[in-house]
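For reference, the structure discussed in these notes is given below.
The values are calculated or read from the model by the stated rules, or taken from the named source; none is laboratory data. Predicted model, so just to flag it, every value in this text is computed and none were measured. Every residue, glycine as well, gets a Cβ built from its backbone with ideal geometry; the counts of neighbours run over all protein chains shown. With ligands, DNA and RNA removed, areas are computed over all heavy atoms of the protein, side chains included. Shrake-Rupley method; radii C 1.70, N 1.55, O 1.52, S 1.80 Å.
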Amino acid sequence: MGKRDYAMLRLLWDNALRRAEVCGLDRVDFHALEARLMLKGKGRIDKEPIDLAPATVEAISDWLVSMGESRSPALFVSSRDTRISVDRLYLIVGGLAEAAGIEPRSEGLRQRVVSPHKIRHSSITALLDLNGGDVRSAQAHSRHKNLATLIRYDDGRQQLQGKAAKTLADAILERGVD
C-alpha cells in the first residue's frame, strides 16, 4: 500500500488533482508510454488528457506492478480490492502526515490537518512561486475554470491584503495623523 499511497501523493502534488479525481481514476485511464492520464475533471462530461511528469509515471507504474491481479477497474484500490473512496483518501493523507510528524494545529474549535485539498492548494501556490506568479500557467495546470480563483491563490501567496493594510497604516503615520 505504500506504493499506492506514494502514487496518489504524486498525483495530488505534481498534477494538483482533486481527491475525487484521484479516486475516480481507472487503470485504463493511465497511459505510461505517452506519460498521460485521461481525467474527468470537476464539472466535466468527457475525460481529457493531462500530462504526467516522469516521476509520477514511475510511481503509478510501480504501484500497478505491485498491485498484481485485481478485479476492480479502479487505479487505486484498498486492501479489499475496492475503489478508494474520497473519505478514505482523506484519512490516508492525514495518516501519512501524522506518520511524518506533521501534527495538527488547533485553530479555534477545529484542527488543521494535511488533506488532499491542502496538497492541491500547496502545489498551486508553489507553482506560482516557481513561475513568477504566472496565473494562466497555474490555471492550465490546476484546471480551474475561473481565473479569479487562481488570483486569490496568488494574492494569498503574496500577502497583498496585509501589504496594502501596512501601506495605508504607514501613510497615516507619515502624515502625522493618529
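Key figures
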{"read-out": "Pairs where the first residue, in the stretch 131-147, is farther than 16 Å from Arg44 by Cβ and the second is among the basic types (Lys, Arg) and open to solvent by 50 Å² or more (accessible area, probe 1.4 Å), C-beta under 9 Å, 6+ apart", "value": "Gly133/Arg157; Leu147/Arg136"}
{"read-out": "Where Arg10 falls short, out of the listed (1) under 28 Å from Leu128 (Cβ atoms); (2) among the charged types (D, E, K, R); (3) touching a Lys or Arg at 6+ places or on another chain (Cβ under 8 Å)", "value": "(3)"}
{"read-out": "The stretch 17-27, residues that are touching a residue at least 60 places away in the same chain (Cβ under 8 Å) and not in a loop (DSSP other than H, G, I, E, B)", "value": "Arg19, Ala20, Val22, Cys23"}
{"read-out": "Filter result for the condition that a residue is touching a Cys at 6+ places or on another chain (Cβ under 9 Å) and on the phi < 0 side of the Ramachandran plot, over Ser61, Ser85", "value": "Ser85"}
{"read-out": "Residue count for the stretch 111-127, restricted to those that are modelled with pLDDT of 85 or more and either farther than 25 Å from Ile92 by Cβ or open to solvent by 90 Å² or more (accessible area, probe 1.4 Å) (or both)", "value": "1"}
{"read-out": "Residue count, the stretch 120-139 (criterion: closer than 11 Å to Ala16 by Cα and among the hydrophobic types (A, V, I, L, M, F, W, C))", "value": "4"}
{"read-out": "Cβ pairs under 6 Å, 6+ apart, first in the stretch 1-16 and part of a helix (DSSP H, G or I), second of a type in the set (Ser, Thr, Tyr) and at pLDDT below 95", "value": "Lys3/Ser66; Trp13/Ser123"}
{"read-out": "Odd one out for Ala140 among (1) open to solvent by 40 Å² or more (accessible area, probe 1.4 Å); (2) modelled with pLDDT of 85 or more", "value": "(2)"}
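Every residue, every condition in (1) β-branched (Val, Ile, Thr); (2) under 20 Å from the mean Cα position of the chain (by Cα); (3) farther than 25 Å from Ser115 by Cα, yes or no:
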position: Asp26; (1), (2), (3): no, yes, no
position: His31; (1), (2), (3): no, no, yes
position: Lys40; (1), (2), (3): no, yes, no
position: Thr82; (1), (2), (3): yes, no, no
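Table: residues versus (1) surrounded by fewer than 16 Cβ atoms within 10 Å (Cβ to Cβ); (2) modelled with pLDDT under 80.
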| position | (1), (2) |
| --- | --- |
| Val65 | yes, no |
| Ser72 | no, no |
| Ile84 | no, no |
| Gly94 | no, no |
| Leu109 | yes, yes |
| Thr149 | yes, yes |
| Leu168 | yes, yes |
